[in-house]
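Colleague: Have a look at this one.
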Amino acid sequence: MSELIPTPWDKRAFGLETYEIQGLTENLLSSLDGIEGHFTIKVAPTVSKALLHRYGFYYCDTLIEPYCTYETFQPFYDPAVSITESVELAMLTEMCLNTFTYDRFHRDFKIDDEQADQRYVNWLTDLYHSGSVFGLRCNGNAAGFFAYKDGSILLHALSEQYRGKGLAKYFWSEACRALFSYDYHELSSSISAANLAILNVYSKLGFSFRNPVDVYHKVNAPAG
């Protein structure tokens, strides 16, 4: 079924088959009832959700895409803040725990928080081994991470002691400045529209926003 795309990286965390659905038709949605697994579909906010509700899907998040070019980038500087590519993985994965509370998996009432955390630990680990993670430092101390692929900003977090202090804009500035130095003309990301703190960080740095999508999930649990 070409409209049903397996997502094995999510299967590793959740212990059941996981899929992303490409397309919104009654024939496709009705065919899922005989398939065990966790299903994700992303649809434009203006599209009717009647079919999704009819076939057991439930709302989990609205995603928006921050994007910025070098010309519109407005960085902030703090001499105490730096980035490094030399950082221990174990130190970073600890920062994934109880951190991504706005994401669609932590908001999915059919997914345990521990499984949702593990999904991000797995993702960060894969990015780390591909050489696509900056460690964030404050006065030489580990403060967070910033993971990317090409010009896409994929995953980022600060450790608890650095949150809520207005520091993120300095860390993000250093990381984005490094990415622009790799000759990417545009940087983009994907964030929850409900996460106003990170939305404000991106806005301060000169990012604009586009491509909102509503995210719906459905779970067909294994029999028994």
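Colleague: log₁₀ I(q)/I(0) of the stretch 66-210 at q = 0.13, 0.15, 0.16 Å⁻¹, via Debye over equal Cα point scatterers, no solvent, to two decimals?
Modeller: -0.54, -0.74, -0.84
Colleague: Right, here's the next one. Compute the relative contact order of the chain as a whole-number percentage, counting only Cα pairs closer than 8 Å that sit 6 or more residues apart in sequence.
Modeller: 34
Colleague: Ok, one more. Kindly flag which residue pairs out of Lys149/Lys204; Lys42/Lys149; Lys11/Lys149; Lys49/Lys169 have an alpha-carbon separation exceeding 28 Å in this structure.
Modeller: From Lys149/Lys204; Lys42/Lys149; Lys11/Lys149; Lys49/Lys169, over 28 Å: Lys49/Lys169.
Colleague: Please work out the Cα center distance from the stretch 68-102 to the stretch 163-188, rounded to the nearest Å.
Modeller: The two parts, judged by their Cα centres, are 8 Å apart.
Colleague: Rounded to the nearest 500 deg cm²/dmol, what is the calculated helix-only ellipticity per residue at 222 nm for the chain, with -39500 (n - 2.57) per DSSP H run of length n ≥ 4?
Modeller: Numbers: 7 runs with 63 residues, N = 224.
Here the helix-only value at 222 nm equals -8000 deg cm²/dmol.
Colleague: Related question: Using each residue's phi in the stretch 110-127, evaluate 6.51 cos²θ - 1.76 cosθ + 1.60 at θ = phi - 60° and report the 3J(HN,Hα) Karplus result to the nearest Hz, with x for Gly and Pro.
Modeller: 9, 10, 5, 4, 5, 5, 5, 4, 5, 4, 6, 4, 4, 5, 4, 4, 4, 5
Colleague: Could you work out the local net charge near Tyr202, counting Lys and Arg as +1, Asp and Glu as -1, over the other residues with Cβ closer than 14 Å to its Cβ?
Modeller: +1
Colleague: List the GluC sites (Glu not before Pro) in the stretch 1-84 that DSSP assigns to loop (not H, G, I, E or B) and whose Cβ has at most 10 other Cβ atoms within 10 Å. Which are they?
Modeller: When the GluC sites (Glu not before Pro) of the stretch 1-84 are filtered for loop state and at most 10 Cβ neighbours within 10 Å, Glu71 remain.
Colleague: Same structure again: Quick one: putting +1 on the C-beta of Lys and Arg, -1 on the C-beta of Asp and Glu, what dipole do you get for the stretch 58-160 around its Cα centre, in Debye to the nearest 20?
Modeller: Working: 6 positive and 16 negative charges, 20 e Å.
I would put it at about 100 debye.
Colleague: Order these by the 10 Å Cβ neighbour count, fewest first: His185, His38.
Modeller: His185, His38
Colleague: For the stretch 162-169, take each phi angle, set θ = phi - 60°, evaluate the Karplus expression 6.51 cos²θ - 1.76 cosθ + 1.60, and give the result in whole Hz per residue in order, putting x for glycine and proline.
Modeller: 9, 7, x, 10, x, 8, 4, 4
Rule-based calculations on the coordinates, nothing more; no lab input. Bear in mind the structure is a predicted one, so any value in this text is a computation, not a measurement. Every residue, glycine among them, receives a Cβ derived from its backbone with ideal geometry; neighbour counts consider all protein chains shown.
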